[in-house]
1. State all residues of region 175-203 that are within 25 Å of residue 221 (Cα to Cα) and buried (at least 19 other Cβ atoms within 10 Å of the Cβ); if no residue qualifies, say none.
2. Could you tell me whether region 14-22 includes any residue that is assigned by TED's automatic domain parsing to the domain that holds residue 98, in a strand (DSSP E or B) and under 18 Å from residue 97 (Cβ atoms)?
3. For residue 416, indicate whether it is more than 19 Å from residue 356 (Cβ to Cβ) and assigned to a strand (DSSP E or B).
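The values are calculated or read from the model by the stated rules, or taken from the named source; none is laboratory data. Predicted model only: the values in this text are computed from it and were never measured. A quick note on method: Cβ atoms are made from the backbone with ideal geometry, for glycine too, and the neighbour counts reach across all protein chains shown.
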């Protein structure tokens, strides 16, 4: 059936002029029906808004009986005239209508919404139909990504796309998904990070580059992890992790102010003011402050005892203290970091792509950002020395030989790219899903991913 609306429902509502009668053509899904003798009211909606329709037997003649046969869930198109009811409700008086699609299954009862979370995630289409809050979350996510793009483009960053299929996994500590290319007869890996190809572009002469795209990690599912997720990564030549701190702070404050009108977010029913300046704490210092433990002062036996308590897999001696330090932070401190806090100075052993500090080469010029107990961003001054980068990769290979599954083979092509020269560079990664969790004030990553991975029924 050929039916072309003159307005979408949200366009009509936002520009509704109650002073004139306007002839319009609109379409949507029926969400409510109320009959009053020889007349009836219907609500139709799209993703963003709803509007009331009024149908009267005297106006529609014989076709009124067909209108009566419509059900909640059906899609209809309407030609009619705008008016307001005695209560001031913007409405459209039906002069002619078209049944566009019949729904053969009933929608969620009485529009009270779907409360079972598994049903909501598994049948997101029903969740979006029935639950206004879900619609708001995903519209918020769309607006947020749009604002990130605009912010970065206004700063001179260029958006690019890099490969999803990698011949060598790398750029993050995670197990990759493996597939096989039949024509080339080689195994390939779904990327676990955007990093290494974006840094190749810095070598090529791009000075400000970013990508917003999917990454994949073959790991467990939790409230903060989904095997398929969205990352924003950017790299800026002639910059360092301090530059990235300032950029991160400016970006997130801008997003909150644009989306909500002020630099305020809500987490666990608590209002959090994210106005700058944000706190900056050294990783080692804050672990000592909260736990009274300095892993650098512990004996091997004490480190092994802490590793056992924290369920840390011990691989090589050189990474033992660093992993204990990280375990103590993750267990005892991270959930308590409600106000935006930059944690700086991560050990080299857990930061294979970050530049070591000149005054203490055991640590790197790296930070992670925590807000509301969530890790939101990761950034560092990028290691651009090919000799040192090879040594870092070799250290990872030793860990891999000792059973560490989240380390990766040597990426010779990336090393070769660094040998052609990469300028001093700052890099930043922000998890789009977690940032949406923060702005939407939800506790599960599955609330902000349209179709999270589910075990088949």
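1. Passing the criteria: 176, 188, 189, 190, 191, 192, 193, 194, 195.
2. We begin by selecting, within region 14-22, every residue assigned by TED's automatic domain parsing to the domain that holds residue 98; these are 14-22.
Restricting the remaining residues to those that are in a strand (DSSP E or B) gives none.
Scanning region 14-22, I find no residue that is assigned by TED's automatic domain parsing to the domain that holds residue 98, in a strand (DSSP E or B) and under 18 Å from residue 97 (Cβ atoms), so the answer is no.
3. Numbers: more than 19 Å from residue 356 (Cβ to Cβ): yes; assigned to a strand (DSSP E or B): no.
In short, no.
Residues are listed down the side, and each one gets a yes or a no for (1) touching a helix residue (DSSP H, G or I) at 6+ places or on another chain (Cβ under 8 Å); (2) surrounded by fewer than 18 Cβ atoms within 10 Å (Cβ to Cβ); (3) not in a strand (DSSP E or B):
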site	(1), (2), (3)
48	yes, yes, yes
51	yes, no, no
54	no, no, no
64	yes, no, yes
77	no, no, no
81	no, yes, no
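Residue-wise test of (1) touching a residue at least 60 places away in the same chain (Cβ under 8 Å); (2) more than 23 Å from residue 175 (Cα to Cα).
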{"position": "200", "(1), (2)": "yes, no"}
{"position": "210", "(1), (2)": "no, yes"}
{"position": "225", "(1), (2)": "yes, no"}
{"position": "235", "(1), (2)": "yes, yes"}
{"position": "239", "(1), (2)": "yes, yes"}
